[in-house]
Amino acid sequence: MSDAALVLFSAGQDSATCLAWALARYQRVETVGFFYGQRHAVEMTQRQVLRRAFLDRGAANLGEDHVVDLAGYGAVAESALTADRAIALAESGLPTTFVPGRNLVFLSVAAAIAYRRDIGVLVGGMCETDYSGYPDCRRETIDAMQQALSLGLATAIGIETPLMHLTKAHTWALAHELGGDALTDLIIEHSHTCYEGDRTQRHAWGYGCGACPACDLRARGFEAWRRA
Ligand code: ZN
């Protein structure tokens, strides 16, 4: 198995930080993104802008990008992210932005690509700390998935989750540790988090509507990092 990693790359703050983390550790890094009918196709644009920015910074080990159309899954898993429905708390206590099984599907498809590309490590920005208790972001779930994929593919598949126990403020700090102001500026400018897909309003922490839960989390994390 080569010294290579495949980063689940959605163009968010977390996955941009994961990409920088992987680029610092692996000789070959490829990226995968999923289209599943999300309202903000802006993600798909920002993925390419971010990849170009990393290449311009001299990331010679950044290899191919893979985009997989999972619109069929998106239709099945329909929720506030993929449908025109208000973002609110459902009766289950999970926000309506919860897309059931999303990370399980993403990791399965990513593992298939990794297998074909002779890559033994997947890297994802799943995080237990700041999120709304998405059960497929927990390390326990990821460990089970790692085992299932390794057994099912009969080859060792590792799943690295460098942000698992970090707050959003810690994630900004990690990016700064990896690449200084140049990297945090790049993430502020080009990564996209906003659920509403807004890139018209520029804040100190980047673009977004400033009102949705994703913007709120990003803004609060940024302010906490700046105060630290
Ligand atoms: Zn927003």
Before we move on, is Thr167 modelled with pLDDT under 95 and away from the ligand (no atom under 16 Å from the Cβ)? yes
Scope the range 205-218; condition more than 9 Å from the ligand (Cβ to nearest atom) and not in a strand (DSSP E or B); matching residues: Trp205, Leu217
Thr193 assigned to a loop (DSSP other than H, G, I, E, B), surrounded by fewer than 19 Cβ atoms within 10 Å (Cβ to Cβ), within 15 Å of the ligand (Cβ to nearest atom) and β-branched (Val, Ile, Thr): no
Scan (1) at pLDDT below 95; (2) closer than 19 Å to Asp198 by Cβ; (3) among the charged types (D, E, K, R) for the single condition Glu91 breaks and write down its number. (2)
Inspect the range 219-228 for any residue being at pLDDT below 95, away from the ligand (no atom under 16 Å from the Cβ), touching a helix residue (DSSP H, G or I) at 6+ places or on another chain (Cβ under 8 Å) and open to solvent by 20 Å² or more (accessible area, probe 1.4 Å) and give the result as yes or no. yes
Would it be correct to say that Gly210 is open to solvent by 10 Å² or more (accessible area, probe 1.4 Å) and out of contact with any strand residue (DSSP E or B) (no Cβ under 7 Å at 6 or more places or on another chain)? no
By residue number, the members of the range 45-58 that are touching a helix residue (DSSP H, G or I) at 6+ places or on another chain (Cβ under 8 Å) and surrounded by fewer than 17 Cβ atoms within 10 Å (Cβ to Cβ) are Val49, Arg57
Which of the following residues is open to solvent by 40 Å² or more (accessible area, probe 1.4 Å), away from the ligand (no atom under 16 Å from the Cβ) and either part of a helix (DSSP H, G or I) or among the small types (Gly, Ala, Ser) (or both): Gly152, Gly179? Gly152
Need the failing condition index for Gln201 against (1) surrounded by 21 or more Cβ atoms within 10 Å (Cβ to Cβ); (2) among the polar types (S, T, N, Q); (3) more than 8 Å from the ligand (Cβ to nearest atom), just the number. (1)
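The values are calculated or read from the model by the stated rules, or taken from the named source; none is laboratory data. Note that the coordinates shown come from a computational prediction; the quantities given were computed from them, not determined experimentally. Positions of Cβ are backbone-derived with ideal geometry, glycine not excepted, and every protein chain shown enters the neighbour counts. Protein only, heavy atoms only, side chains kept; ligands, DNA and RNA dropped before computing areas. Shrake-Rupley method; radii C 1.70, N 1.55, O 1.52, S 1.80 Å.
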